[in-house]
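Written out below as structure tokens is the structure these notes cover.
None of the figures in this text is laboratory data; all of them are computed from the coordinates on show. Please read all numbers here as calculations on a predicted model, not as lab measurements. Counting neighbours? That spans all protein chains shown, and the Cβs are built from the backbone with ideal geometry, glycine included.
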Amino acid sequence: MVAERLLETRLDCNGAPATLVITGELDVASGPGLEHAVARVLDGQGEAFRIDLSAMVFMDSTGARSLVRVHHRLAAIGRRLVLVSPTPPVRRVIELLGLDVLIDIRD
């Protein structure tokens, strides 16, 4: 239950395309919650699947691994992951791990 409070997700359908907004921390405890949230809202249609990271306060390497898993899941159905507005600490982890080469990052 603690992991659920560390990570909150909501689907923002006000724009096109829809965006999954993540708030909180993405780590070993909350990573599976992100993967389940994506699975719940993934409709299999469209090109890009956007995840807004502007409210993320922390991400470690295991949390980043969850993003890689989401990336691979999307690639398997012909879609791509786009990470939107990562906070400076989250962007640093993304860049240190080289994920900015694998995953599309937008400000």
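Would you kindly calculate the translational diffusion coefficient of the chain, applying Stokes-Einstein with the Kirkwood radius from alpha carbon pairs, for 37 °C and a viscosity of 0.692 mPa s, and quote it in µm² s⁻¹ without decimals?
Working: Rh = 13.5 Å.
Stokes-Einstein gives a translational diffusion coefficient of 243 µm²/s.
Return the calculated 222 nm mean residue ellipticity for the chain, to the nearest 500 deg cm²/dmol, obtained by summing -39500 (n - 2.57) across DSSP H runs with n ≥ 4 and dividing by the residue count. Please list the in-between numbers first.
Values: 5 runs with 45 residues, N = 107.
It lands at -12000 deg cm²/dmol.
Please turn the phi angles of the stretch 18-25 into ³J(HN,Hα) values with the Karplus equation 6.51 cos²θ - 1.76 cosθ + 1.60 (θ = phi - 60°), one per residue in order, whole Hz, x for glycine and proline.
With coefficients 6.51, -1.76 and 1.60, one gets 4, 10, 8, 9, 10, 10, x, 10 Hz.
Would you be so kind as to identify which of T62, A48, I22 lies farthest towards the positive end of the dipole of the stretch 2-106, taking Lys and Arg as +1 and Asp and Glu as -1 on Cβ and the Cα centre as origin?
Value computed over the given set: A48.
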